[in-house]
Structure formats: C-alpha cells, structure tokens
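This report refers to the structure that appears directly beneath it.
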Amino acid sequence: MSSTGFITGMYVVLTPLLALVLFRARVAAAAWAGVLLATIGLALLAGIHAGSVAGDLLVLAGAAVYSLQIVLMERFAPRYDALAFTLVEMLAAFAGLLVAALALGQLSVPRGWTVWGALLVTGIFASAFAFLAQTWAQRRASATQTALAFSLEPVWAAIFGFTLAGDRLGLAGWLGCAVIMAGIVVAEPSAARAVLRRPRRAAGIA
C-alpha cells in the first residue's frame, strides 16, 4: 500500500484540531492520547512509502475537508431533523459535483447494469444512508469521538480483505489494527468498561 492510506486517516488528527481552532472545543487529554495512538496505528496499517507529492497533498486536502465536515456536523446536526439535514447535505454534494463535471466536460449518461448497480449501491447505501447514520450519531457524540470511530475503517478493510480476498497484512499491519483499537479504548473509557464487562458477564461475574 502507498502512503495514501495513512494520509487519508489523518482526519483523526485534523478533526480535534479544527474543532479547537474553529469553535474552541475542549479536547480531553485522553482523547488526544487516543488520537496519537490511532495515528500510529494508521501508519503501521497503511505503510508509508514515497509517492507523488501533488497526489499526497490532494489526499491530505480531502482528509481536511472530511474533518471539517465532521466538525460542522457536531455543531449543527443536533439543531435539525436528521433526515432533512442529510437531504440538504446530499443535494449540496450533488450540486457541487454537477458543477465540477460540467466544468471538466465529463458529464455523461452511465452505460451498463454494472455501472448503474454500483451507482445505486454507493449513492444510496454508502452515501445517503451512511450520512444519515452519521448525522444521527453526531447528535450524541463529539467530533473527536466520531473521527476516532472512523479510524476503524482501515481495520475493517483489513479484516474483510483477510477473510474475503485472502490478503495477508503481516505483523506490522495487524499491530496497526491493535493500536487503533487501543486508541479508541483509551479515548473512550466507557468503551473500555464495556469491553471488560462482557467477559465478566459470560463468566457469571457481577
């Protein structure tokens, strides 16, 4: 893997920084520790290799915009209906992408059921439903908590790649998964208590 995977995951770091700069949001020391661990885990999981500087900067810009979206949702999602908020968000994304496609001359009608199927899956499930779930969740969670939860994305990708595609991560990759999980547990003591509570319940311990 290239450095792209690591740079994309940098929204874990950028999110609390943006929340601090834009809204003076207080970030607990435990959350900062979790961010640090998650960043180390992402580096181990993705691998850092030389690549295109321009490409890396574009990916970093994308991660920054994603972080900004998470921070703004923490600010505004609790004020509005989740469904209406998601609808406006999707319409704004549609308008922006339409303008970009027209400007680049790349607007065309997709051909083939495979393409249409991919568009429906990514448009409905990976976009609309995903943003709706995020909007609902961020009415109850902070931007830093959300970014840390999103840092599990490469972990799940690694797990499904291992089980479904036969990918083999090696020691560094699996260590990265473990460090990311540790970062989330450190940042979220309630999650740590839940993890410890389950084995006790299974053993019949109060």
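The values are calculated or read from the model by the stated rules, or taken from the named source; none is laboratory data. As the structure is a computational prediction, the values presented were derived from the model and not from experiment. Cβ: placed from backbone, ideal geometry, glycine included. Neighbour counts: every protein chain shown. All accessible areas refer to the heavy atoms of the entire protein, side chains included, with ligands and DNA or RNA removed. Shrake-Rupley method; radii C 1.70, N 1.55, O 1.52, S 1.80 Å.
For segment 83-97, state whether one or more residues are hydrophobic (A, V, I, L, M, F, W, C), under 22 Å from ALA137 (Cβ atoms) and within 17 Å of the chain's Cα centre (by Cα). For segment 83-97, residues hydrophobic (A, V, I, L, M, F, W, C), under 22 Å from ALA137 (Cβ atoms) and within 17 Å of the chain's Cα centre (by Cα): absent. The residues in segment 81-101 that are within 17 Å of THR122 (Cα to Cα), open to solvent by 50 Å² or more (accessible area, probe 1.4 Å) and touching a Leu at 6+ places or on another chain (Cβ under 8 Å) can be counted, and the count is 1.
Scanning segment 102-122 for residues that are surrounded by 12 or more Cβ atoms within 10 Å (Cβ to Cβ) and among the polar types (S, T, N, Q) yields a single hit, THR122. Taking helices (runs of 4 or more DSSP H) as the structural unit, those lying wholly within segment 101-206 and holding at least 1 residues that are modelled with pLDDT under 75 and in contact with a Gly (Cβ under 8 Å, 6 or more places away or on another chain) correspond to 143-150, 153-164, 170-187. Evaluate segment 1-18: report whether one residue or more is at pLDDT 80 or above and of a type in the set (Phe, Trp, Tyr). No, segment 1-18 has no match at all.
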